[in-house]
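Heads up, the thing below is written out as structure tokens.
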Amino acid sequence: MLDWQTQRRIELFLFEEARLLDAGQFQEWLKLYEPQGIYWIPSQPGQTDPLNVASIVYEDHAILAIRVQRLLEARALVLTPMPHTTHLIGNVEAEEAGDGGFTVSAAFVCVEHQGDRQRIYSGRHSYKLARHGDSFRIKMKRVALLNSDGVHTAMAVPL
């Protein structure tokens, strides 16, 4: 079990990630990732293989950087009007990993507003975090959608 200060610092890091996404500060959000960091949304409940089983999203840092650039250009048709989100994070559970980092799980709800349309996503985030000075960096973020095996339209803003 983690000491309460480390637990709280991890929670605040996750809240900061949510705040950056909601504020549209995507370049700052990308800086939360390790250079080899992965962002993954599996397509099936319990999916453990992102490479041999199709995923909704499986992006390394380079692809995430392209996603961020596309979000900032605002020329993409899917981004007209630009979507806005509210991320709610809770039930954060963290433990030390063998590599000196942390494994973290948190429940989430993300409400996306775009024009007169609203979509709601929910599920659990799983993170592998590395220590980075007084903070952390994301080595892996896995977004396990409650309805991962459902039909989904394009997801422009990260969950």
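Values quoted throughout were computed directly from the atomic coordinates according to the rules given, and no laboratory measurement underlies them. Note that the structure is a prediction, hence the values are computed from the model and not measured. All Cβ positions, even for glycine, are placed from backbone atoms using ideal geometry, and neighbour counts span all protein chains on display.
Per the conditions (1) part of a helix (DSSP H, G or I); (2) of a type in the set (A, V, I, L, M); (3) within 20 Å of Val143 (Cα to Cα); (4) in contact with a helix residue (DSSP H, G or I) (Cβ under 9 Å, 6 or more places away or on another chain), the sole criterion not satisfied by Ile89 is (1).
May I ask you to list the residues in region 55-69 that are in contact (Cβ under 8 Å) with a residue 24 or more places away in the chain, among the charged types (D, E, K, R) and closer than 12 Å to Pro158 by Cα?
Correct list: Arg67 only.
Summed over region 135-159, residues that are in contact (Cβ under 8 Å) with a residue 60 or more places away in the chain and farther than 23 Å from Asp49 by Cβ total 6.
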